[in-house]
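In what follows, a structure is listed as structure tokens, so that the remarks can point back to it.
Taken together, the values in this text are just the output of simple stated rules run on the coordinates, not laboratory data. Bear in mind the structure is a predicted one, so any value in this text is a computation, not a measurement. Virtual Cβ from ideal backbone geometry, glycine too; neighbours counted across all protein chains shown.
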Amino acid sequence: MIARILIPVVVFTLLPYLWIYKRYGKLWLKSLWQRVLFWLPAFVVIAYSAYITMLPNFLPRNPVLIDIWFVIMAVCAVPQFVFSLFSVFGWCCMRLLHGHRNWGKLLGLVVGAVAFFCFIYGFTEGFPKMQVKRITIYVPNLPKSFEGYRIVQFSDIHLGSYYGWRGHLPQRDIDSINAEKPDLICFTGDLQNVTPDELPEYQALLCSLKARDGVMSVLGNHDYTYYMDVDDEQEIAALEKRMQDFQRSCGWRLLMNEHVAVHRGADSIYVAGTENYDNPKRTNVRKALYGIRPGSFVLMLQHIPKQWRETWPSTINKEKDEDGDVIGPDRKDSLVVAPQLTLSGHTHAGQISILGLRPSMFTPYDYGLFEEEGCQLYTTSGLGGTVPIRIGATAEIVVITLKRK
């Protein structure tokens, strides 16, 4: 992960230090040792980031290394960047308006200090926070027997991020889910950070999830080998099978481009799930829905929310053969049912949200409840993250109550 942002880290570390040195350092840094001490934090940021870059896989196997990186960034890079941003803006305004004082410098000192404390807060206090969010969703074709049906959704738990002082959080989350006594538990992907080696210690805990109709799950992008330094096809297949077998060993019903029926007497609903939408692309929406009776209520589990557009009534039956006829996954003429409700995760709601502004806001359907063409989507902020920081984008489990329109 840090390997992908090494160049931006170098640029956004060096430029602020260069600005501060040029504007202020020459007046105060007289001796060689003073100049060395001034540049030392920038060197530490770049050297440590480069070290992390040389490690295999998307993230280092030892998550403490990521914690150290965050502390270094919070102390040695973030405040300096924020200060320089305001200082440059203030200097430009001063030159344009022919002023005599750079107020941006003073504002930058204040905002830089705030940024430092926000960074530390998000790392130490914001990330562990969790809320139980309750929503009621009204659907037109819900069978009478399923009136008031309660679903708990959780997502993006990223178990490799829990260690040391965060080690108690998965137990808290599972206890909170079980306390709701749901009819169905749905997990919408990203159980691991990088490798299945992160999972065995949590098997007993995940096996303890209880719901009348069990636990149903789909895979997220982190649940494959995309973030591992692996090229051998047999090893890739073995690692991915380990993840799949682990979920099944916990008693979960893993949905891989397929669906299952849930019954209440003579009534039934369907729960469908697809594999990952992108990196790697394994999804097959039509296969997942093929064979469901028209008029049935369908709950779809998809990790990445932007895939929702492929399940709308106007798009789901657009796949055609060479003769222009609509086809099903087995190449027989067939129409599939558009899911009335889809549950997704993946975005973590940006993990940082300030006054509604968040990094994921430019991603389609990044957080909350959406409706198009009579279909609804809920994208959760998830529980964890590969990067252990949250500011304003609180982790959540979602309790969904289904009601008939």
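Which residue fluctuates most in the GNM of the chain (Cα springs below 10 Å): ALA338, ALA74, ALA395?
ALA74
So what is the orientation-averaged projected area of the chain, using the convex hull of its C-alpha atoms, in nm²?
24.8
Mind sorting HIS346, HIS168 by how few other Cβ atoms lie within 10 Å of their own Cβ, fewest first?
Exposure proxy ranking, most exposed first: HIS168, HIS346.
Among DSSP beta bridges lying fully in the chain, give the percent that are antiparallel, nearest 5.
In the chain, DSSP labels about 35 percent of beta bridges as antiparallel.
Given charges of +1 on the Cβ of Lys and Arg and -1 on the Cβ of Asp and Glu, with all other atoms neutral, how large is the dipole of the chain about its Cα centre, in debye to the nearest 20?
1900
List the lysines whose alpha-carbon lies under 16 Å from that of LYS30, not counting same-chain residues fewer than 8 positions away?
Within reach: LYS22.
Return a whole-number percent for the relative contact order of the chain, with Cα pairs under 8 Å and 6 or more residues apart as the contact set.
19 percent.
With a Förster radius of 30 Å, plug the Cβ-Cβ distance of TRP91 and ARG309 into 1/(1 + (r/R0)^6) and report the FRET value to the nearest 0.05.
Given R0 = 30 Å and the Cβ-Cβ separation, E is 0.10.
Give me, ordered by chain and number, the residues 5 or more places off GLN376 or on other chains with an amide H under 5 Å from its own placed amide H.
Sorted by chain and number, the residues that satisfy this are LEU341, THR342.
Per-residue HN-Hα couplings for the stretch 35-50, Karplus 6.51 cos²θ - 1.76 cosθ + 1.60 at θ = phi - 60°, whole Hz, x for Gly and Pro?
5, 4, 5, 5, 7, 4, x, 4, 4, 4, 4, 5, 5, 5, 4, 5
Measure off 7 Å from each Cα along the Cα-to-Cβ vector at LEU107 and ASP267, then give the distance between these two points in nanometres to one decimal.
That separation, rounded to one decimal, is 5.8 nm.
Where in the stretch 66-92 does the label zone of PHE43 land, with the point 7 angstrom along Cα→C-beta and an amide N cut-off under 20 Å?
Within reach of a label on PHE43: 69, 72-78, 80-81.
Nearest 20 debye, what's the magnitude of the dipole of the stretch 190-248 about its Cα centre given +1 on Lys and Arg Cβ and -1 on Asp and Glu Cβ?
580
Once fully extended, how much extra length lies between SER208 and LYS405, figured as 0.36 nm per residue of separation less the alpha-carbon to alpha-carbon distance?
67.5 nm is the gain from fully extending SER208 to LYS405.
Can you flag which of LYS144/LYS281; LYS318/LYS405; LYS241/LYS405; LYS210/LYS306; LYS129/LYS181 are past 32 Å Cα-Cα?
LYS144/LYS281; LYS241/LYS405
Just going by the charge dipole of the stretch 2-126, with Lys and Arg at +1 and Asp and Glu at -1 on Cβ, which of PRO8, TYR51, LEU109 is farthest out on the positive end?
My answer, from the dipole projection, is LEU109.
Based only on other Cβ atoms within 10 Å, what is the fewest-to-most ordering of SER155, SER249?
Least to most surrounded, the residues fall as SER249, SER155.
Quick check: Cα centre of the stretch 198-253 to Cα centre of the stretch 290-315, how many Å?
What the calculation gives is 23 Å, centre to centre.
When only alpha-carbon atoms are used, what values of Rg and Dmax, in angstrom, describe the stretch 2-126?
Taking only Cα atoms of the stretch 2-126, I get Rg and Dmax of 16.3, 54 Å.
Enumerate the amide H contacts of VAL337 below 5 Å, restricted to partners 5 or more residues apart or on another chain; note that Pro and chain-start residues carry no placed amide H.
ILE292
Multiplying the sequence separation of ARG35 and VAL71 by 0.36 nm and subtracting their Cα-Cα distance, what value in nm do you get?
That pair, ARG35 and VAL71, stretches by 10.7 nm at full extension.
Within a 10 angstrom radius of the beta carbon, how do TYR277, TYR48 rank from fewest other beta carbons to most?
TYR48, TYR277
Report the Cα centroid-to-centroid distance between the stretch 372-405 and the stretch 96-146 in angstrom, as an integer.
16
Most mobile of CYS92, CYS76, CYS186 per a Gaussian network model of the chain (Cα springs, under 10 Å)?
CYS92
Once fully extended, how much extra length lies between ASP231 and PHE116, figured as 0.36 nm per residue of separation less the alpha-carbon to alpha-carbon distance?
Residue separation times 0.36 nm, minus the Cα-Cα distance, leaves 37.4 nm.
Among PHE38, PHE117, PHE187, which one moves the most in a GNM of the chain with springs linking Cα atoms closer than 10 Å?
Of PHE38, PHE117, PHE187, the Gaussian network model singles out PHE38 as fluctuating most.
Measuring from label point to label point, each 7 Å out along Cα→Cβ, what is the MET361 to ASP175 span in nm?
Between MET361 and ASP175, the simple spin-label model gives 3.6 nm.
Please turn the phi angles of the stretch 341-348 into ³J(HN,Hα) values with the Karplus equation 6.51 cos²θ - 1.76 cosθ + 1.60 (θ = phi - 60°), one per residue in order, whole Hz, x for glycine and proline.
Each residue of the stretch 341-348 in turn: 9, 10, 10, 9, x, 6, 7, 6 Hz.
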